[in-house]
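Written below as structure tokens is the structure these notes are about.
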Amino acid sequence: MKTENRRERLLKDINDKSFLLKGSLNQVYRKCGNPNCRCARGEKHGPFYLLTWNEGGKTRSRYIPRDQASKVKKMTANYREAKRLLDELSRANLELITSGRDKK
């Protein structure tokens, strides 16, 4: 019964993390290439927010508007947590299956 309760809690926790996004969000600073710009003297432009993820074996990136950065950061954290919860749920399901086999 303990494993079944853990499984139900994990399912609820996974459902609570449904607002998710795969990837990582990083702050980046860039040079524009203009030799007369302040960035040519070392003071780079930014911060800009870059979301990076892997899709089909290729690394993809998109710039995220500043006003969306905190939302995207939370979504990527939710993705990592949901992935961890799914791994735990899989272990709980395996426990349930194998404990049932031992009872026979």
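Results, tabulated for the structure shown:
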item	result
Evaluation of Val28 against (1) under 26 Å from the mean Cα position of the chain (by Cα); (2) in a helix (DSSP H, G or I); (3) in contact (Cβ under 8 Å) with a residue 12 or more places away in the chain (one fails), failing number	(2)
Test: residue in the range 32-52 that is in contact with a Ser or Thr (Cβ under 7 Å, 6 or more places away or on another chain) and either part of a loop (DSSP other than H, G, I, E, B) or not aliphatic (A, V, I, L, M) (or both)	yes
Test: Asn78 is out of contact with any strand residue (DSSP E or B) (no Cβ under 7 Å at 6 or more places or on another chain), touching a residue at least 24 places away in the same chain (Cβ under 8 Å), in a helix (DSSP H, G or I) and farther than 17 Å from Ser24 by Cβ	no
Conditions (1) touching a residue at least 12 places away in the same chain (Cβ under 8 Å); (2) outside any loop (DSSP other than H, G, I, E, B); number of the one not met by Leu20	(2)
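Okay, residues lined up against (1) of a type outside the set (Ser, Thr, Tyr); (2) surrounded by 15 or more Cβ atoms within 10 Å (Cβ to Cβ); (3) under 18 Å from Lys74 (Cβ atoms):
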{"site": "Arg6", "(1), (2), (3)": "yes, yes, no"}
{"site": "Phe19", "(1), (2), (3)": "yes, no, yes"}
{"site": "Leu25", "(1), (2), (3)": "yes, yes, yes"}
{"site": "Tyr29", "(1), (2), (3)": "no, no, no"}
{"site": "Arg41", "(1), (2), (3)": "yes, no, no"}
{"site": "Phe48", "(1), (2), (3)": "yes, yes, no"}
{"site": "Leu51", "(1), (2), (3)": "yes, yes, yes"}
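Taken together, the values in this text are just the output of simple stated rules run on the coordinates, not laboratory data. Note that this is a predicted model, so its numbers are computed, not measured. Please note: Cβ atoms are built from the backbone with ideal geometry, for glycine as well, and neighbour counts cover all protein chains shown.
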